[in-house]
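Report on the structure given below.
Values in this text are rule-based calculations from the coordinates and carry no lab data. On a predicted model such as this, the values are computed, not experimentally measured, just so you know. As a convention, Cβ positions derive from the backbone with ideal geometry for all residues, glycine included, and neighbour counts pool all protein chains shown.
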């Protein structure tokens with residue numbers, strides 16, 4: 001494997017393991033074993049496990065930004081239709097019926113944001129970027145007349161993301177899709193209904 005390929009492979013393995021096991025339960029040795037690379041390769045690319053976690057998180061955010069762009073910005077249909085489709089796709093990808101449930105942003109926020117300033121900073125900026133994308137589609141809905149002119153897209157986007165993340169967490173605790181179904185129903189049949 002070439003250098004960049006090895007680094008990318010380590011990040012993909014790390015992303016799978018951190019999504020499945022969490023940060024604390026993901027050991028460097030397990031990553032190396034699954035990736036089939038020697039220990040020196042890990043420390044050639046990453047100074048520490050925390051440095052590695054930042055890179056894994058950045059990879060996850062890039063992948064999710066592509067999903068956001070594809071559905072919210074470049075997708076077809078009315079803004080609120082695209083937004084509903086977006087959340088439904090997130091639920092299918094990260095809800096309790098997914099192969100690995102949970103959002104890495106939410107999971108790392110719970111697990112290590114209080115212990116790592118650099119990861120907390122990346123989490124904060126990632127949530128703000130995500131919120132801005134959702135606010136953009138809500139602004140489109142306001143401009144089309146699908147939402148009231150008094151709507152504050154940024155605050156509404158924050159509320160929707162906070163509600164989604166909370167429902168995702170609750171669905172893990174309950175081992176049930178119900179909290180996410182309630183989120184979709186309330187968000188689109190009550191909150192975002194004109």
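Can you grab the distance from the C-alpha centre of segment 81-144 to the C-alpha centre of segment 1-55, Å, no decimals? For segment 81-144 versus segment 1-55, the Cα centre distance is 23 Å. Rounded to the nearest 10 degrees, the angle from helix 49-68 to the longest Cα principal axis of the chain is 30 degrees. Each of (1) 58, 33, 30; (2) 47, 44, 22; (3) 47, 40, 36 is a candidate for Cα extents along the principal axes in Å; the one calculated from this structure is (1).
The fewest-to-most ranking of 97, 81 by surrounding Cβ atoms within 10 Å reads 97, 81.
With 0.36 nm allotted per residue and the present C-alpha distance subtracted, the residue 154-residue 49 stretch has 34.4 nm of extension available.
Comparing 74, 162, 107 in a Gaussian network model of the chain, where Cα atoms under 10 Å apart are tied by springs, the biggest mean-square fluctuation is seen for 74.
Modelled this way, with points 7 Å down the Cα-to-C-beta line, the labels at residue 63 and residue 97 are 2.1 nm from one another. The slack between residue 185 and residue 21, meaning 0.36 nm per residue of separation minus the straight C-alpha distance, is 56.0 nm.
Pick out which of 110, 90, 180 has the largest mean-square fluctuation in a Gaussian network model of the chain, springs linking Cα atoms closer than 10 Å. Between 110, 90, 180, it is 110 that shows the largest mean-square fluctuation.
Note on residue 76/residue 194: beta-carbon distance plugged into 1/(1 + (r/R0)^6) with R0 of 25 Å gives a FRET efficiency of 0.75.
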